[in-house]
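Notes follow once the structure below has been shown.
The values are calculated or read from the model by the stated rules, or taken from the named source; none is laboratory data. All values reported here derive from a predicted model rather than from experimental measurement. Glycine gets a Cβ as well: all are built from the backbone with ideal geometry, and neighbour counts include every protein chain shown.
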C-alpha cells in the first residue's frame, strides 16, 4: 500500500500577505496542491462605489504598500479611458518615470530581502547580511533610489499622494530631477552589480511551457500602456479584456482565480514581459541579460530573480533617459471632464499585469469597479508549477521538499494582500 | 546625546495607529532636543533614520498575547531581540524585528535603542483605537517623555 503524506506550511515567510500551502501526496503521486489564500476579503471594489472618479488613485493606492503606483496608474488610465481623454507628452513620460521608481523599489526588495536567501540556504536576509554586509548595503542603497523617485514624483514613498486623473497635482522643479538623475547614475552601477551577483546562484532545472500574458507597446518596454498579448496568439486591447478573461471563485482562496476563457491558466510578471518584449529592452539591459546567460526568453521561474535584476537595470536606465529627455510640463495635469461610461486599463505592476474596469455616471461617480491583481491571475499557475515541480522530488525528506516548494511559490513574488489576500504550507503524504 | 523618537504604524488599521498618534502628541509638546519621525509602511526606512543618531526610541502596537493596553519596554541595543519583537504587528514582508536585526548585522544600530510596545486589541481596517489602547496612550507618552528627559542611557 502506498505511503501517504501531507506537507503543510501553515505560515509561509517572505511573501506579502497571509496564506498557506497544502500539498497532498499518495506514494509518488501528487494528489492535490492548494495555494490557500485566507486573508479576509478587503472589499476595495465596494469602497470605490459611490466615490468620485477623482478619488480613485488615492483609494486604490491603499491596496498595497509595495506597489501603490501600479494601482494608481491602472486607475487613472481607466478613468481617462472612460472620459475619453488621453494623456500624452511629458506627463505620460513622467508617469513612466514614477513606474520605474516602483519597479526598482519592489524588485530590489524581492531580490535582496525575500528571494536571495532561498538560493544561499539562509532563512532570512538578516543571516545573509551578517555574512555579506556590503551586498545587502548595496541592495538597500539601490532600493532607496527607487524610493526617491516615488517620493519626488509621488509626494511620498509609500501610498503616493501626487497622482491625479489627468496627470499630477504638482510637478517637482528641474533641479530636483537633475539631482535625482545623478543618483540614478550611481544606482545603475549597483543594478549591474546585482545582475553579476545573482547570476552566480544555482537554479533548479525547471523549464515549463507557460502561456505568458503581458502588455506590448510598439516602441517601449511596457509599463503604462500597450496591447495585451500572449505567446499563444492573444492580441487584444484592454477594452476587450472581459471578452477573453474570467474570474472564478475557488473554495480554498479568498482571491478569485483569473483564467483565459479559451485556454485556462496563464502567467503574468517579469518572465512574461521579458520573453515577449526582449527587443524593447535598452542596450545596457540586453547586455546585462547576456552577461547573466539569459537568452531572448526565459521559461524557468527560478530564474525570475535574474529577470528582475535585468528589469532593475532597465528601470534605472529608462529613468535616466526620461529625466534627460523630458521637458518639464507647463501644466501638471490635463483636464478630464466627467462623463458617463465604462473605462478599462491594464498596466504592468512589478508582479505582472494589473487590470482595472470602472463604470461612471455622468457626474463621475463610480457605479462599478473591478480590480484584477497579478497574483490572482498567477494563482492557478503557481499550483500547476508545484504539481510538476514535486514529481521528480517526491522522495525528498519533508523538510527539504517544503523548503523547495516555498521557494517555488516565492519565485512569483506573490503579493497576497493585494490579491486579497499570507502563506501557510501543508504537505499531506498518504 | 540627540534623541529620535520613531512612531510606527498605520492610521487606517485601528490600534496600529498608536505609534503615529504618539508622534502627533509629542509634536504638540515640542520637546527640546528631540526629533520625531514616523514609519508607515516600509519598516526598512528606519535604517536610514538610525544614521547619525545617538539614541532612538521606537513606539509601535504589538500582539504578544498580553492584556490589551499592556506596555512593554525593551532595550534592543544590547542583544538579539527577535523573539520578543516578532509580536510587533507588520502588514508587510519585512517586520520590525527583521529591520532591527538587519541594522545590527550591518553595524547600523544606534548606540541606544529602546522600543515601547503597546499590546493591541484590534487591527481591523477603518476603526479608531480600542478603549484599552486609548487608555494606555497617556502612560506610554509619559514613559517616552521621561526617557527623553533622561540624559544618560539606561
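Only a single item in (1) more than 16 Å from residue B:44 (Cα to Cα); (2) outside any loop (DSSP other than H, G, I, E, B); (3) touching a helix residue (DSSP H, G or I) at 6+ places or on another chain (Cβ under 8 Å); (4) within 11 Å of chain B (Cβ to nearest Cβ) is not met by residue A:79, and it is number (4).
Of all residues in segment A:237-259, those satisfying the criterion of being surrounded by 17 or more Cβ atoms within 10 Å (Cβ to Cβ) and over 19 Å from residue A:349 (Cα atoms) are A:253, A:254.
I'd like to know if segment A:295-318 contains one or more residues that are surrounded by fewer than 22 Cβ atoms within 10 Å (Cβ to Cβ) and out of contact with any helix residue (DSSP H, G or I) (no Cβ under 9 Å at 6 or more places or on another chain). Within segment A:295-318 (the criterion being surrounded by fewer than 22 Cβ atoms within 10 Å (Cβ to Cβ) and out of contact with any helix residue (DSSP H, G or I) (no Cβ under 9 Å at 6 or more places or on another chain)), the answer is no, since none of the residues qualifies. The numbered conditions (1) under 30 Å from residue A:139 (Cβ atoms); (2) not in a strand (DSSP E or B) are all true for residue A:215 except (2). For residue A:35, the conditions (1) within 14 Å of another protein chain (Cβ to nearest Cβ); (2) modelled with pLDDT under 85; (3) touching a helix residue (DSSP H, G or I) at 6+ places or on another chain (Cβ under 7 Å) are fulfilled apart from (1).
Condition test on residue A:66, is it in a loop (DSSP other than H, G, I, E, B) and under 19 Å from the mean Cα position of the chain (by Cα)? Taking the combined requirement at face value, the residue satisfies it.
I'm checking my understanding of the structure. Among residues of segment A:98-112 that are more than 9 Å from chain B (Cβ to nearest Cβ) and farther than 17 Å from residue A:302 by Cα, which one is surrounded by the fewest Cβ atoms within 10 Å (Cβ to Cβ)? Taking the candidates together, the pick is A:98.
Tell me, please, whether a residue that is under 19 Å from residue B:128 (Cβ atoms), within 14 Å of chain A (Cβ to nearest Cβ) and part of a strand (DSSP E or B) can be found in segment B:38-59. Please lay out each step first, then the result.
Taking segment B:38-59 first, the residues under 19 Å from residue B:128 (Cβ atoms) are B:38, B:40, B:59.
Checking the rest, the ones that are also within 14 Å of chain A (Cβ to nearest Cβ) come to B:38, B:40.
Then drop every residue that is not part of a strand (DSSP E or B), which leaves B:38.
So far as segment B:38-59 goes, yes, one or more of its residues are under 19 Å from residue B:128 (Cβ atoms), within 14 Å of chain A (Cβ to nearest Cβ) and part of a strand (DSSP E or B).
Taking segment A:9-29 only, how many residues are surrounded by fewer than 18 Cβ atoms within 10 Å (Cβ to Cβ) and at pLDDT 65 or above? Can you show your working first?
Restricting attention to segment A:9-29, the residues satisfying the condition of being surrounded by fewer than 18 Cβ atoms within 10 Å (Cβ to Cβ) are A:10-11, A:13, A:26-29.
Subset that is at pLDDT 65 or above: A:26-29.
Result for segment A:9-29: 4.
Kindly list the number of the only condition in (1) surrounded by fewer than 18 Cβ atoms within 10 Å (Cβ to Cβ); (2) part of a helix (DSSP H, G or I) that fails for residue A:192. Against the list (1) surrounded by fewer than 18 Cβ atoms within 10 Å (Cβ to Cβ); (2) part of a helix (DSSP H, G or I), residue A:192 comes up short only on (1). Residues that are away from every other protein chain (no Cβ under 14 Å), over 20 Å from residue A:255 (Cα atoms) and in contact with a helix residue (DSSP H, G or I) (Cβ under 7 Å, 6 or more places away or on another chain) within segment A:43-71 comprise A:51, A:53, A:56, A:57, listed in sequence order.
Considering only segment A:164-171, I want to know if a residue exists there that is under 21 Å from the mean Cα position of the chain (by Cα) and buried (at least 21 other Cβ atoms within 10 Å of the Cβ). Checking segment A:164-171: not a single residue is under 21 Å from the mean Cα position of the chain (by Cα) and buried (at least 21 other Cβ atoms within 10 Å of the Cβ). Please indicate, with yes or no, whether at least one residue in segment A:33-41 is outside any loop (DSSP other than H, G, I, E, B) and closer than 18 Å to residue A:355 by Cα. Checking segment A:33-41: not a single residue is outside any loop (DSSP other than H, G, I, E, B) and closer than 18 Å to residue A:355 by Cα.
From the list A:234, A:215, pick out the single residue that is surrounded by 14 or more Cβ atoms within 10 Å (Cβ to Cβ) and either out of contact with any helix residue (DSSP H, G or I) (no Cβ under 7 Å at 6 or more places or on another chain) or at pLDDT below 95 (or both).
Details: A:234 fails: either out of contact with any helix residue (DSSP H, G or I) (no Cβ under 7 Å at 6 or more places or on another chain) or at pLDDT below 95 (or both).
Of A:234, A:215, the one residue that is surrounded by 14 or more Cβ atoms within 10 Å (Cβ to Cβ) and either out of contact with any helix residue (DSSP H, G or I) (no Cβ under 7 Å at 6 or more places or on another chain) or at pLDDT below 95 (or both) is A:215.
Quick one: residue A:393 ticks every box in (1) in contact with a helix residue (DSSP H, G or I) (Cβ under 8 Å, 6 or more places away or on another chain); (2) crowded, with 18+ Cβ neighbours inside 10 Å; (3) more than 26 Å from residue A:249 (Cβ to Cβ) except a single one, so which number is it? Just one mismatch for residue A:393, condition (2).
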